[in-house]
1. Please report, to one decimal in angstroms, the Kirkwood hydrodynamic radius of segment 94-155 built from all distinct Cα-Cα pairs.
2. Compute the signed sum of charges (Lys and Arg +1, Asp and Glu -1) over the other residues within less than 13 Å, Cβ to Cβ, of THR303.
3. Just how much of ILE107 is accessible, in Å², when a 1.4 Å probe is used and the result is rounded to the nearest 10?
4. Roll a 1.4 Å probe over the protein chains and send me the accessible area per residue for segment 181-277 in Å².
5. Quick one, can you get me the convex hull of the C-alpha atoms of segment 190-347 expressed as volume per residue in Å³?
6. Going toward the positive end of the dipole of segment 81-224, with +1 on Lys and Arg Cβ and -1 on Asp and Glu Cβ, which of THR175, TYR210, ILE156 do you reach last?
7. On a 1.4 Å probe surface of the protein chains, which of LYS154, LYS45 comes out largest in accessible area, and what is the full order?
8. In what order, largest first, do ARG280, ARG172 sit by accessible area if the probe radius is 1.4 Å?
Amino acid sequence: MKNIQTLSGLSPDNFREQIDNKETALYILRNESGAEVAITNYGAKIVSLMVPDKEGKMTDVVTGHDSIDAYLASEEPYFGAICGRYGNRIAKGKFSIDGITYDKLPINNGPNCLHGGIKGFNAVVWDATQVDERTIELRYTAADGEEGFPGELKTIVTYHLTDDNAVAIHYRATTDKPTVLNLTNHSYFNLSGAGDPYIGDHLLTINADYYLPTDETAIPYGPKEKVEGTPMDFRTPHEVGERINDDFEQLRIGKGYDHTYILNKEGDELSFCARCLSPRTGIAMEVYTTQPGVQLYTGNWMTGNLVGKNGQRYPERAALCLETQHFPDSPNHPDYPTTLLRPGEVFQSTTIYRFSVEQI
């Protein structure tokens, strides 16, 4: 590869394209500790995330691709992306606001609309401004009616790399018509290093007493259920793979974990969400968020067919996602925390992924 300028071996030249009459590029964030995050404005995607392991070796802990062309051809369009306007699923691609039914959302996941539709925020070019060496601001304006959603939605996402190896993501959005939104980052993490084939040995903790069971199409179908006494319980550390193949209906439906956990919190304060640890590298990741939930997805549908960074392949369960967000299908569940945004209101949320090392 030519023009290698990143710790993860990425060439910025491979991210210079023109899509929808907009220029794409690769942006690099670095801190005083030597950590590095590479981000492209195509989908506002985190392409690589380099942090030290227990021996001081810099390790890339997210899956991704080496070029824009590879992202365009990928069977996994959500690697590292910002998902919107509505991340996760909306049942049958329809919902109502103030008595008006919106039923033209694309059906792109079984009978449902997933991650904002066929061309969600993961597949558009954002306007990027590198504020300083540690911060980038990305802006995207979704037109009224885009992917079937009402209202012109102006969204700003800011990535900031702190000197203590945390990636802080701040979201801000406004609309000119009542609309719904659910914004999240869809990074796929492997704390043993991207390209490692299995995250089953990762120790995971999730600060949640309840989760949302789903039907066969991954839509919540009823009240929340306790994690206690089930393989869904991560209130204390468990290996991800310890119970993933248990004869438990929810795990059978999703081929593993693909569920929203209701975080133990009140209001929208920034609070502890989850912790994950690789026993091999000693890399630990703590997640904090203002959001009410987190979607745990264990890469159950990854195939290993696609070629990622540095020729790596990503087979089934080679990474996991901790997507901080509101709940799936919230517009059709009045009892869920609202995802409604009206003119004059400002949606804001923050999620922090903090990395450290634990000597094991």
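The values are calculated or read from the model by the stated rules, or taken from the named source; none is laboratory data. Values in this document were obtained by computation on a predicted structure and should not be read as measured data. In this analysis, Cβ positions are derived from the backbone assuming ideal geometry, glycine residues included, and neighbour counts consider all displayed protein chains. Please note that ligands, DNA and RNA were not included when accessible areas were found on the heavy atoms of the full protein model with its side chains. Shrake-Rupley method; radii C 1.70, N 1.55, O 1.52, S 1.80 Å.
1. On the way: mean 1/r = 0.0749 Å⁻¹.
About 13.3 Å, per the Kirkwood formula over Cα pairs.
2. Details: positive: LYS255, ARG313, ARG317; negative: GLU75, GLU76, GLU316.
Here the charged neighbours net out to 0.
3. 80
4. 40
5. Details: hull volume 22.0 nm³, N = 158.
Spelled out: Cα convex hull of segment 190-347, divided by residues, is 139 Å³.
6. Of the listed residues, the answer is THR175.
7. Working: LYS154 105, LYS45 5 Å².
Order by accessible area, largest first: LYS154, LYS45.
8. Values: ARG280 115, ARG172 95 Å².
Accessible-area ranking of ARG280, ARG172, largest first: ARG280, ARG172.
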